[in-house]
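Asker: Right, I'll just put the structure down here and ask away after.
The values are calculated or read from the model by the stated rules, or taken from the named source; none is laboratory data. Keep in mind it's a predicted model, so treat the numbers as computed, not measured. Here Cβ is always computed from backbone atoms with ideal geometry, including for glycine, and neighbour counts include all displayed protein chains.
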Amino acid sequence: MTKGSDLLVAALENEGVERIFGIPGEENLDVVESLRHSSIQLVVTRHEQAAAFMAATYGRLTGKPGVCLSTLGPGALNFTTGAAYAFLGAMPMIILTGQKGIRSSRQAQFQIVDIVNTMKPLTKSARQIVSPTTIPTLVRDAFRMAQEGRPGPVHLELPEDIAAMECEAVPLVPPHALEPPVAGAESVERAAALIRAAERPLVMLGAAASRPASSEALSRFVLRAGIPFFTTQMGKGAVAGGSGLYMGTAALSERDYVHGAIDRADVIVAIGHDTIEKPPFVMRPGSPTVIHVGYQPASVEQVYFPQAEVVGDMGRSLALLADRIEGKVPNAKALLPLREGILAHLADRAGEDRFTPQRIVRDVRAVMPSDGIVALDNGIYKIWFARNYRTQVANTLLLDNALATMGAGLPSAMMASMLYPDRRVLAVCGDGGFMMNDQEMETAVRLKLNLVVLILQDNAYGMIRWKQAVDGFADYGMTFGNPDFGLYARAFGCQGHRVDDIAQFAPTLESAFQAGGVHLVSVPIDYSENERVLVNELREAFPPNLS
């Protein structure tokens with residue numbers, strides 16, 4: 001005989017799960033006990049939201065579902081932001097929550113919230129387990145569903161009486177590889193004909209292009225096609241650097257320097273674009289012809305309505321497309337002469353002796369090796385890193401342009417450090433976002449991670465304050481106080497550093513990485529560049545079309 005929780009853990013081991021992130025509760029104690037006797041490490045976090053962010057980032061970096069665990073009610077509800085983060089960001093994840101017993105109601109409605117129906121709009125599937133014998137098939141189906149098509153989170157709720165219920169042993173279901181179909185020959189040839197005839201072709205790499213399984217095939221396609229490319233924010237770092245074809249990142253929707261190339265293109269090959277991202281460009285009548293290449297058909301929006309589609313396994317479909325265009329696009333590099341000017345503008349003022357976003361990005365790039373991972377929280381600095389930070393290795397700049405939630409930067413960096421302990425990992429957070437999950441510094445110390453956390457301090461919700469000013473509103477409701485971050489870090493058992501001289505910024509980061517362990521580095525940030533560059537300079541360079 002066995003019990004439900006043992007079957008659950010055995011099924012998770014069968015899927016290759018090595019870690020589960022979460023917080024125990026009364027309703028999942030049987031699962032915790034089964035984990036104690038398993039090969040799976042239970043990584044206890046200080047808040048369920050952080051556990052979900054870590055599980056989602058595991059899925060993002062590996063392509064395999066990360067797993068998070070909570071109790072019922074309040075613990076499960078703390079997963080909702082992480083579920084939305086994974087759902088919009090297409091990150092495979094399994095969410096396991098507990099619940100009161102369903103065969104009796106000895107505690108009436110105490111703590112009971114309908115978590116299954118709460119999770120349904122935030123996940124690909126949400127189900128309650130009502131029999132222990134169904135657990136192996138439900139777990140196998142959950143992992144398959146989390147990975148197939150557009151990846152995302154799947155929720156399973158295990159009531160405590162089902163977890164404790166004894167039953168006969170049930171065979172596990174062997175996992176099998178998922179092989180999405182290749183795009184049809186007609187659609188590939190149609191796209192190839194448009195590209196071959198283009199006068200000013202351009203390639204765009206979007207969010208789905210940055211999946212781990214895609215980067216090698218994408219890099220080969222870029223080199224074989226020989227067409228300049230730009231990226232969306234979440235597509236940044238989808239391919240290895242060094243091609244000489246990178247034109248920039250569309251951190252804004254229009255009227256940035258990279259849009260000087262986008263607006264001139266007559267054909268844009270949009271690879272892996274997912275409209276959950278803030279638009280990298282705006283389609284209008286008379287816009288360039290757009291070819292959508294992706295695992296899924298295009299989502300037609302007011303600002304995105306492709307005229308041709310290549311739908312199927314991205315790697316194999318791109319190989320077929322490259323076969324038809326390699327060496328056959330006479331105007332492949334027509335837009336490449338714009339590259340030097342675009343990238344030169346992005347380097348403007350990066351050497352100034354103050355804590356501007358440009359200087360911070362430059363110094364971070366200098367300290368991080370090519371395979372170093374930078375995980376961004378959400379704030380105005382995300383736009384600067386998206387525009388200015390150059391990547392040489394795929395998937396080394398992690399940012400969220402889908403849910404774009406604050407508080408995810410630190411847990412995401414922690415997950416990256418766990419997966420790649422020999423690589424430098426830097427979390428970049430605003431003071432507002434950092435304080436939303438700062439308690440996980442204790443988790444990072446307990447796990448003995450090698451991690452540097454950079455806090456950009458302006459004592460305000462900086463992005464919204466900037467938008468408030470741009471929209472002509474009075475400065476109101478955006479500022480707050482902060483602790484002494486150096487003392488705060490040391491209270492968690494970390495090393496704390498405050499840098500007020502820009503000349504000491506890069507050396508401080510370097511020494512922190514060399515020392516190992518968990519370090520927190522706080523610096524002031526001069527956001528006057530936001531209005532000067534992102535508003536005034538770009539308005540002068542690309543005046544609005546009022547026609």
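Asker: What about LEU321, is it modelled with pLDDT of 95 or more, in contact with a Pro (Cβ under 9 Å, 6 or more places away or on another chain) and either over 29 Å from ALA217 (Cβ atoms) or not basic (Lys, Arg) (or both)?
Answerer: In short, no.
Asker: Looking at (1) of a type outside the set (D, E, K, R); (2) closer than 23 Å to GLY63 by Cβ; (3) crowded, with 24+ Cβ neighbours inside 10 Å, which is the only condition VAL269 fails?
Answerer: Only one criterion is unmet by VAL269, namely (2).
Asker: Any residue in segment 34-52 that's in contact (Cβ under 8 Å) with a residue 24 or more places away in the chain and over 17 Å from LEU122 (Cα atoms): show its pairings with residues that are acidic (Asp, Glu) and assigned to a loop (DSSP other than H, G, I, E, B) at Cβ separation under 7 Å, as long as the two are six or more apart or on different chains.
Answerer: Matching pairs, first to second residue: ILE40/GLU18.
Asker: I'm trying to understand the selection: among the residues of segment 365-388, which are surrounded by fewer than 23 Cβ atoms within 10 Å (Cβ to Cβ) and either assigned by TED's automatic domain parsing to the domain that holds PRO212 or assigned to a loop (DSSP other than H, G, I, E, B) (or both)?
Answerer: PRO369, SER370, ASP371, GLY372, ASN378, ILE380, listed by residue number.
Asker: Further question on the same structure: Within 26 Å of GLY152 (Cα to Cα), hydrophobic (A, V, I, L, M, F, W, C), out of contact with any helix residue (DSSP H, G or I) (no Cβ under 8 Å at 6 or more places or on another chain) and in the same structural domain as ILE195 (by TED's automatic domain parsing), is that true of ALA270?
Answerer: yes
Asker: Another question, if that's okay. Test MET414 against the stated conditions and say whether it is in the same structural domain as GLY462 (by TED's automatic domain parsing), part of a loop (DSSP other than H, G, I, E, B) and either at pLDDT 95 or above or closer than 21 Å to GLU48 by Cβ (or both).
Answerer: Judged against the criteria, MET414 is not a match.
Asker: Considering only residues that are surrounded by fewer than 24 Cβ atoms within 10 Å (Cβ to Cβ), of a type in the set (Gly, Ala, Ser) and under 22 Å from GLN128 (Cβ atoms), which ones fall in segment 36-74?
Answerer: Result: GLY73, single match.
Asker: Next question. If you check every pair at least six apart or on different chains, which have Cβ atoms under 9 Å apart with a residue in segment 448-461 that is charged (D, E, K, R) first and a residue that is assigned to a strand (DSSP E or B) second?
Answerer: LYS448/VAL518; ASP458/GLY430; ASP458/THR479; ASP458/PRO524
Asker: I'd like the residue in segment 212-228 that is surrounded by fewer than 24 Cβ atoms within 10 Å (Cβ to Cβ) and under 23 Å from GLU340 (Cβ atoms) and, out of all such residues, is modelled with the lowest pLDDT. Steps first, answer last, please.
Answerer: Filtering segment 212-228 for residues surrounded by fewer than 24 Cβ atoms within 10 Å (Cβ to Cβ) gives 212-213, 215-217, 219-220, 222-226.
From what is left, the residues that are under 23 Å from GLU340 (Cβ atoms) are 219, 222-223, 225-226.
Working: SER219: 87, VAL222: 93, LEU223: 93, ALA225: 95, GLY226: 96.
Residue satisfying both the conditions and the ranking: SER219.
Asker: Looking only at residues that are hydrophobic (A, V, I, L, M, F, W, C) and assigned to a helix (DSSP H, G or I) in segment 117-142, which one is nearest to the chain's Cα centre (by Cα)?
Answerer: LEU122
Asker: Report every pair of residues separated by at least 6 positions or lying on different chains whose Cβ atoms are under 7 Å apart, first residue within segment 195-211 and closer than 19 Å to LYS278 by Cα, second small (Gly, Ala, Ser) and not in a loop (DSSP other than H, G, I, E, B).
Answerer: From segment 195-211, the pairs are VAL203/ALA225; MET204/ALA270; GLY206/ALA270; ALA208/GLY294.
Asker: Note down all Cβ pairs under 6 Å where the first residue falls in segment 343-371 and is closer than 16 Å to TYR527 by Cβ, the second is small (Gly, Ala, Ser) and not in a helix (DSSP H, G or I), and they're at least six residues apart or on different chains.
Answerer: Sorted first by the residue in segment 343-371, then by its partner, the pairs are GLN358/ALA350; ARG359/ALA350.
Asker: Which of the residues spanning segment 192-222 are more than 28 Å from PRO92 (Cβ to Cβ) and touching a strand residue (DSSP E or B) at 6+ places or on another chain (Cβ under 6 Å)?
Answerer: So the first thing to find is which residues in segment 192-222 are more than 28 Å from PRO92 (Cβ to Cβ), and the list is 192-202.
The answer is LEU194, ILE195, ALA198, PRO201, LEU202.
Asker: Identify the single condition in (1) touching a Ser or Thr at 6+ places or on another chain (Cβ under 6 Å); (2) under 30 Å from PHE281 (Cβ atoms); (3) of a type outside the set (Phe, Trp, Tyr) that MET145 does not satisfy, given that it satisfies every other one.
Answerer: (2)
Asker: Restricting attention to segment 498-547, which residues are of a type in the set (D, E, K, R) and at pLDDT below 95?
Answerer: Just the residues of segment 498-547 that are of a type in the set (D, E, K, R), to begin with: 498, 500-501, 510, 526, 529, 531-532, 537, 539-540.
Selection gives ASP526, GLU529, GLU531, ARG532, GLU537, ARG539, GLU540.
Asker: Right, next: Would you confirm whether or not segment 193-206 contains a residue that is closer than 26 Å to ILE383 by Cβ and part of a loop (DSSP other than H, G, I, E, B)?
Answerer: Looking for residues that are closer than 26 Å to ILE383 by Cβ and part of a loop (DSSP other than H, G, I, E, B), one finds at least one in segment 193-206, hence yes.
Asker: Something else now. Take the conditions within 30 Å of ALA322 (Cβ to Cβ) and buried (at least 23 other Cβ atoms within 10 Å of the Cβ) and apply them to ALA207. Does it pass? It would help to see each step written out before you state the result.
Answerer: On the way: within 30 Å of ALA322 (Cβ to Cβ): yes; buried (at least 23 other Cβ atoms within 10 Å of the Cβ): yes.
For ALA207, the condition - within 30 Å of ALA322 (Cβ to Cβ) and buried (at least 23 other Cβ atoms within 10 Å of the Cβ) - is met.
Asker: Go through the residues of segment 466-486 one by one and say whether even a single one is small (Gly, Ala, Ser), without any contact (Cβ under 8 Å) to a residue 40 or more places away in the chain, touching a strand residue (DSSP E or B) at 6+ places or on another chain (Cβ under 7 Å) and surrounded by fewer than 19 Cβ atoms within 10 Å (Cβ to Cβ).
Answerer: yes
Asker: Run down GLY242, GLY248 and say which single residue is modelled with pLDDT under 90 and out of contact with any Gly (no Cβ under 7 Å at 6 or more places or on another chain).
Answerer: GLY242
Asker: Any residue in segment 244-257 that's β-branched (Val, Ile, Thr) and crowded, with 22+ Cβ neighbours inside 10 Å: show its pairings with residues that are modelled with pLDDT of 90 or more and part of a strand (DSSP E or B) at Cβ separation under 7 Å, as long as the two are six or more apart or on different chains.
Answerer: Taking only residues 6 or more apart or on different chains, the pairs are THR249/PHE230; THR249/THR231.
Asker: If TYR527 meets every condition in (1) touching a Pro at 6+ places or on another chain (Cβ under 9 Å); (2) without any contact (Cβ under 8 Å) to a residue 12 or more places away in the chain apart from one, which number is that one?
Answerer: Every listed condition holds for TYR527 apart from (2).
Asker: Mind checking which pairs have a first residue in segment 377-392 that is closer than 19 Å to ARG255 by Cα and a second that is aromatic (Phe, Trp, Tyr), Cβ under 9 Å, 6 or more apart or different chains?
Answerer: Taking only residues 6 or more apart or on different chains, the pairs are ILE380/TRP466; ILE380/TYR527; TYR381/TYR527; ARG387/TYR257.
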